[in-house]
Amino acid sequence: MWVFRNFSNLLSKLVALNSFVILLVILLAALSVTEYACYLVNSQQVSGQELVDTLNGFLWKISLVTFIIAGLFHYFTVKKIVSPIKHLSIAAKEIKEGKTPSKIESSATGEMKGLIENFNSMSETLSSVQEQREEMLKDIAHELRTPLTNINGYLEALQNKVIDGNPELFGSLLEESRRITRIVELITELNSWNNGNYFLEKQFEQVKINHVLSESLTAFRLKLQNQIMDMQFNIEDAGILGNRDGLMQVFTNMLQNILDYNTGTFLKINGEIKNNRYIITFTHSGRFIDPEKKSMIFERFYRLEESRSTKSDGAGLGLAISRSIITAHKGSIGLDTDGTHHTFWLNFPLHPMTQ
């Protein structure tokens with residue numbers, strides 16, 4: 001509809017321009033003939049049929065000159081109006097061919113300026129998505145290469161009778177296979193939330209978010225007690241509109257992330273209502289996170305370890321999935337840190353019926 005409206009406005013401009021040019025031709029010809037006729041009559045140089053013939057000849061000449069002037073004016077004006085469309089067409093063709101077009105620069109105004117700005121924004125978004133897709137494919141290949149290489153190596157050795165099968169070997173193969181399965185399942189889950197399939201597959205309902213968080217803490221209590229001596233929980237009652245399983249996965253991912261990277265003995269979890277929002281914070285001491293790169297930990301496959309050792313059970317997808325789930329709940333997630341002291345925060349809108 002927006003494109004159609006811009007096209008209609010452009011068409012209106014062209015119609016107005018054409019009408020103006022036609023009017024200009026008529027006015028120039030009429031005024032010129034009138035002035036010339038008055039001049040001839042006043043000078044008494046011609047009269048009768050000779051006057052008519054002279055005026056007819058002058059009319060043809062002035063019409064030709066006026067047509068040329070108006071035609072040039074019309075050509076350059078229309079060219080200025082249509083030029084941005086030509087650039088848009090070329091850029092659209094480049095996008096169709098899988099290329100990234102350069103930013104369109106134009107001095108257009110009004111609706112055409114808005115169209116060009118939106119097209120440039122769309123082009124930048126498509127380019128960013130393509131880069132993220134290529135990076136994701138590289139990350140997936142990196143994550144799957146090691147377990148697949150190990151499996152293939154063991155199987156080739158078994159086939160060539162270099163080694164004999166035993167329960168320990170088969171257990172190692174099974175663990176590598178399970179690792180691949182976990183990665184695929186995580187990618188599937190992340191893609192499900194990102195594509196908005198949760199509206200069909202994961203029903204939203206009124207949920208007591210404090211109950212879901214408490215259940216998650218109960219499930220992790222033993223593991224937390226083994227690592228952390230001082231734990232403080234302060235969770236207010238609140239209700240939101242959400243998916244219980246999705247929220248449970250978010251809290252599970254957060255707690256598992258704390259256990260995997262914790263370096264201190266203190267954990268504080270706070271859940272409270274502020275400005276019609278429900279805010280949950282997880283505060284602890286953990287491995288170093290560069291404050292300037294704190295947002296990167298929510299990206300797919302990002303890990304704190306530069307080596308990204310495949311011995312880690314995590315695939316670098318837990319926090320990325322959490323962000324997708326929270327975004328689906330119209331909430332937000334973030335991290336405040338000085339490098340070693342971290343506070344992860346979750347922000348959810350309260351449901352009007354449960355306030």
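No value in this document is a laboratory result; all are computed from the given coordinates. Remember, it's a predicted structure, so these values are computed and weren't measured experimentally. Cβ coordinates were reconstructed from backbone atoms using ideal geometry, including for glycine residues, and neighbour counts include every protein chain displayed.
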Query raised in the report: In this model, which of Lys96/Lys293; Lys274/Lys294; Lys293/Lys330; Lys208/Lys274; Lys113/Lys330 are farther than 27 Å apart at the alpha-carbon?
Result: Lys96/Lys293; Lys113/Lys330
Report task. Give the peptides 167-178, 268-279, 237-248 in descending order of average Cβ contacts within 10 Å, highest first. Result -> 237-248, 268-279, 167-178
Query raised in the report: Which value in nm describes the separation of the simple spin-label points at Thr337 and Lys79, placed 7 Å from the Cα toward the beta carbon?
Result: 5.8 nm
Requested in this report: Would you calculate the separation in nanometres between label points at Thr125 and Trp345, each defined as 7 Å from the Cα along the Cα-to-beta-carbon direction?
Outcome: 2.8 nm
